[in-house]
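A.B. asks: Sharing a structure with you now.
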Amino acid sequence: MDHFRYLDHRLHCEQVPLDQIAASVGTPFYCYSQATLERHFDVFHNAFAGVEHLICYSVKANSSLAVLDTLARRGSGFDIVSGGELERVRRVGCPGSRVVFSGVGKSSAEIQAALEHEVLMFNVESQGELMRINALAGRMGLKAPIALRINPDVDPATHPYISTGLKRNKFGIPHTQAAELYRLAAGLEHVRPIGLDCHIGSQLTTLEPFVDALKRVKRLLVELRREGIPIRYLDLGGGLGIPYDSQQIPPHPERYAEALLHELQGLEVVLILEPGRVIVGNAGVLVARVEYVKQGEEKRFIITDAGMNDLIRPALYDAHHAILPVTRRFDREEILADVVGPICESADFLARDRMIPEFLAGELLAVRSAGAYGFTMSSNYNSRPRAAEVMVRQDRFAVVRPRETIQQLLEHEILFS
């Protein structure tokens with residue numbers, strides 16, 4: 001459930017009409033519903049109420065300070081993958097005890113900053129990273145808490161670009177090598193193995209891959225405890241999908257929790273989960289204005305002021321995003337069209353070969369399910385300023401990130417003369 005609905009034929013975010021926001025801030029803009037964020041977090045959190053757990057929202061899905069602040073106030077921890085994301089969670093007052101640091105390429109500066117912030121643990125992805133953390137912690141007179149991220153070689157049956165748990169992927173340590181590396185870690189002076197981590201991919205729509213991966217890491221956890229390596233935290237990552245269309249509906253978080261908790265009976269671990277998309281995906285829309293309607297020889301093109309630089313998912317993943325008129329008219333016909341942007345690329349589309357309501361130049365449309373991997377993956381391609389971000393709370397809205405200006409794009413560039 002989300003809080004985007006039609007009232008008096010105008011699409012609202014909570015109690016605010018989207019056309020009212022457009023009149024105030026211009027287009028394109030991202031709009032987030034605070035009530036939806038809170039509800040999605042609560043549903044996920046409550047699903048695991050029966051066990052000791054920590055929800056660490058995956059910052060990469062949407063790193064807006066307003067989004068992070070909303071979730072931090074709800075009790076969320078955070079899964080970060082860069083020094084920039086670490087600074088963002090610091091800005092919203094999240095203590096290090098609720099932060100896990102993931103990612104395959106942590107720099108020395110990032111590791112040092114995370115040690116200073118006393119993060120709960122590093123999810124280590126290679127022997128080289130393990131040795132670097134040990135050396136840096138030693139120089140700082142610390143003992144770094146770590147987990148090893150295990151690659152279980154489980155097919156998540158998702159898009160290959162967001163699959164992370166197969167042996168051909170760059171992520172994690174092969175499960176066949178994990179026990180040996182844990183033994184090495186246990187003998188190092190400045191690291192402390194306290195956890196075990198596994199994340200197999202994103203936008204998963206069935207439970208079987210999660211369960212298969214859990215069975216593999218559970219066997220490893222039991223083996224490590226037998227050897228005297230006291231694993232307390234089991235980080236099962238994120239990856240639960242959202243319904244972008246009506247073709248495949250992912251499991252509800254309660255069913256997801258039931259499947260995992262059934263496998264975890266008797267293990268006595270603190271469970272860490274890293275949801276991202278399932279929290280924020282359907283809490284946001286991208287609102288754009290139709291600039292032109294163009295009839296080609298074979299199809300019609302709805303040309304908007306939002307392009308692949310604003311929302312790259314359709315071009316990168318061939319992702320489906322529902323598209324709705326901001327103002328509902330009952331005389332609209334369904335037409336076959338491409339919804340495209342102004343970018344000078346044939347891959348610049350928001351929808352392709354889609355039956356959608358007919359639009360006229362000047363009308364507003366909303367691209368659904370754009371709260372995750374929308375603004376965070378946007379760019380300045382074609383020297384386009386990035387869109388504004390807006391947060392709605394009940395009957396009020398605020399610009400939480402102003403639209404960039406062309407002047408801002410150019411102010412740090414210098415001519416070489």
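The values are calculated or read from the model by the stated rules, or taken from the named source; none is laboratory data. Here the structure is a predicted model, which is why all the values come from computation and not from measurement. Because the Cβ atoms are built from the backbone with ideal geometry, glycine has one as well, and the counts that use them run over all protein chains shown.
A.B. asks: I'm trying to understand the selection: among the residues of the range 1-14, which are more than 25 Å from residue 249 (Cβ to Cβ) and touching a strand residue (DSSP E or B) at 6+ places or on another chain (Cβ under 8 Å)?
C.D. replies: Initially, the range 1-14 is screened for residues more than 25 Å from residue 249 (Cβ to Cβ), giving 7-10.
Answer for the range 1-14, where residues must be more than 25 Å from residue 249 (Cβ to Cβ) and touching a strand residue (DSSP E or B) at 6+ places or on another chain (Cβ under 8 Å): 7, 9, 10.
A.B. asks: Contact list please: Cβ distance under 6 Å, first residue in the range 28-51 and farther than 18 Å from residue 391 by Cβ, second residue of a type outside the set (Gly, Ala, Ser), pairs at least six apart or on different chains.
C.D. replies: The qualifying pairs are 43/253; 44/253; 44/275; 45/55; 47/253; 47/254; 51/271.
A.B. asks: Could you look through the range 353-408, keep only residues that are among the aromatic types (Phe, Trp, Tyr) and more than 30 Å from residue 295 (Cβ to Cβ), and pick out the one that is farthest from the chain's Cα centre (by Cα)?
C.D. replies: Step one: list which residues in the range 353-408 are among the aromatic types (Phe, Trp, Tyr), which gives 359, 373, 375, 381, 397.
Then drop every residue that is not more than 30 Å from residue 295 (Cβ to Cβ), which leaves 373, 375, 397.
Working: 373: 6, 375: 11, 397: 23 Å.
Out of the qualifying residues, it is 397.
A.B. asks: Okay, next question. Of the residues that sit in the range 98-123 and are of a type in the set (Gly, Ala, Ser) and more than 20 Å from residue 148 (Cβ to Cβ), which one is surrounded by the fewest Cβ atoms within 10 Å (Cβ to Cβ)? So that I can check it myself, show each step before the final result.
C.D. replies: Taking the range 98-123 and keeping what is of a type in the set (Gly, Ala, Ser), we get 102-103, 105, 107-109, 113-114.
Still in the list and also more than 20 Å from residue 148 (Cβ to Cβ): 109, 113.
Details: 109: 10, 113: 16.
Filtering first and then ranking leaves 109.
A.B. asks: Let me ask another. If you check every pair at least six apart or on different chains, which have Cβ atoms under 6 Å apart with a residue in the range 93-119 that is in the same structural domain as residue 135 (by TED's automatic domain parsing) first and a residue that is at pLDDT below 95 and hydrophobic (A, V, I, L, M, F, W, C) second?
C.D. replies: none
A.B. asks: Restricting to the range 348-367, name every residue that is modelled with pLDDT under 95 and outside any strand (DSSP E or B).
C.D. replies: Matches in the range 348-367: 358 only.
A.B. asks: Given 314, 275, which one is assigned to a loop (DSSP other than H, G, I, E, B) and either out of contact with any His (no Cβ under 6 Å at 6 or more places or on another chain) or modelled with pLDDT under 95 (or both)?
C.D. replies: Working: 314 fails: assigned to a loop (DSSP other than H, G, I, E, B).
Of 314, 275, the one residue that is assigned to a loop (DSSP other than H, G, I, E, B) and either out of contact with any His (no Cβ under 6 Å at 6 or more places or on another chain) or modelled with pLDDT under 95 (or both) is 275.
A.B. asks: I'd like the residue in the range 371-417 that is farther than 24 Å from residue 341 by Cα and of a type in the set (Gly, Ala, Ser) and, out of all such residues, is modelled with the highest pLDDT.
C.D. replies: 398
A.B. asks: Being in the same structural domain as residue 330 (by TED's automatic domain parsing), more than 26 Å from residue 313 (Cα to Cα) and surrounded by fewer than 24 Cβ atoms within 10 Å (Cβ to Cβ) narrows it down to one of 49, 23, so name that one.
C.D. replies: Details: 49 fails: in the same structural domain as residue 330 (by TED's automatic domain parsing).
Checking each option against the conditions leaves just 23.
A.B. asks: Now a separate question. Go through the range 211-257 residue by residue and tally those that are among the acidic types (Asp, Glu), within 20 Å of the chain's Cα centre (by Cα) and surrounded by 16 or more Cβ atoms within 10 Å (Cβ to Cβ).
C.D. replies: 1
A.B. asks: Please indicate, with yes or no, whether at least one residue in the range 162-177 is touching a strand residue (DSSP E or B) at 6+ places or on another chain (Cβ under 8 Å), at pLDDT 80 or above and more than 17 Å from residue 121 (Cα to Cα). Let's see the steps before the verdict.
C.D. replies: Kept after step one, since they are touching a strand residue (DSSP E or B) at 6+ places or on another chain (Cβ under 8 Å), are these residues of the range 162-177: 162-167, 169, 171-175.
Next cut, at pLDDT 80 or above only: 173-175.
After this cut, where a residue has to be more than 17 Å from residue 121 (Cα to Cα) as well, the list is 174-175.
Yes; the residues of the range 162-177 include at least one that is touching a strand residue (DSSP E or B) at 6+ places or on another chain (Cβ under 8 Å), at pLDDT 80 or above and more than 17 Å from residue 121 (Cα to Cα).
A.B. asks: Hey, residue 375 hits all of (1) surrounded by 16 or more Cβ atoms within 10 Å (Cβ to Cβ); (2) at positive phi but one; which does it fall short on?
C.D. replies: So the condition that residue 375 fails would be (2).
A.B. asks: Consider residue 147 carefully, then state whether it is in contact (Cβ under 8 Å) with a residue 12 or more places away in the chain, surrounded by 15 or more Cβ atoms within 10 Å (Cβ to Cβ) and not basic (Lys, Arg). Outline the logic, then answer.
C.D. replies: Details: in contact (Cβ under 8 Å) with a residue 12 or more places away in the chain: yes; surrounded by 15 or more Cβ atoms within 10 Å (Cβ to Cβ): yes; not basic (Lys, Arg): yes.
Yes; evaluated as a whole, the condition is true for this residue.
A.B. asks: Does residue 337 count as more than 22 Å from the chain's Cα centre (by Cα) and surrounded by 19 or more Cβ atoms within 10 Å (Cβ to Cβ)? Spell out the reasoning first.
C.D. replies: On the way: more than 22 Å from the chain's Cα centre (by Cα): yes; surrounded by 19 or more Cβ atoms within 10 Å (Cβ to Cβ): yes.
So residue 337 fits the description; yes.
A.B. asks: Now for a separate question. Determine if the range 21-28 includes at least one residue that is modelled with pLDDT of 95 or more and either among the charged types (D, E, K, R) or in a strand (DSSP E or B) (or both). Don't jump to the end; show me each part of the working.
C.D. replies: Of the residues in the range 21-28, the ones modelled with pLDDT of 95 or more are 21-28.
Imposing the further condition that a residue be either among the charged types (D, E, K, R) or in a strand (DSSP E or B) (or both) reduces the set to none.
Scanning the range 21-28 turns up no residue that is modelled with pLDDT of 95 or more and either among the charged types (D, E, K, R) or in a strand (DSSP E or B) (or both).
A.B. asks: When residue 292 is evaluated against the numbered criteria (1) free of Cβ contacts under 8 Å to residues at least 40 places away in the same chain; (2) surrounded by fewer than 17 Cβ atoms within 10 Å (Cβ to Cβ); (3) assigned to a strand (DSSP E or B), which criterion, by number, is the only one it fails?
C.D. replies: Just one mismatch for residue 292, condition (1).
A.B. asks: Provide a single number: the residues in the range 1-20 that are part of a helix (DSSP H, G or I) and either surrounded by 23 or more Cβ atoms within 10 Å (Cβ to Cβ) or of a type in the set (Gly, Ala, Ser) (or both). Explain how you work it out, then say what you get.
C.D. replies: From the range 1-20, those part of a helix (DSSP H, G or I) are 18-20; that's our starting set.
Next cut, either surrounded by 23 or more Cβ atoms within 10 Å (Cβ to Cβ) or of a type in the set (Gly, Ala, Ser) (or both) only: 18.
Residues meeting the conditions: 1.
A.B. asks: Please give the number of the condition residue 306 fails out of (1) under 23 Å from residue 13 (Cβ atoms); (2) assigned to a strand (DSSP E or B).
C.D. replies: (2)
A.B. asks: Inside the range 317-334, can you point out the residues that are assigned to a strand (DSSP E or B) and surrounded by 21 or more Cβ atoms within 10 Å (Cβ to Cβ)?
C.D. replies: Residues of the range 317-334 that are assigned to a strand (DSSP E or B), as a first pass: 323-325, 327, 334.
Selection gives 323, 325.
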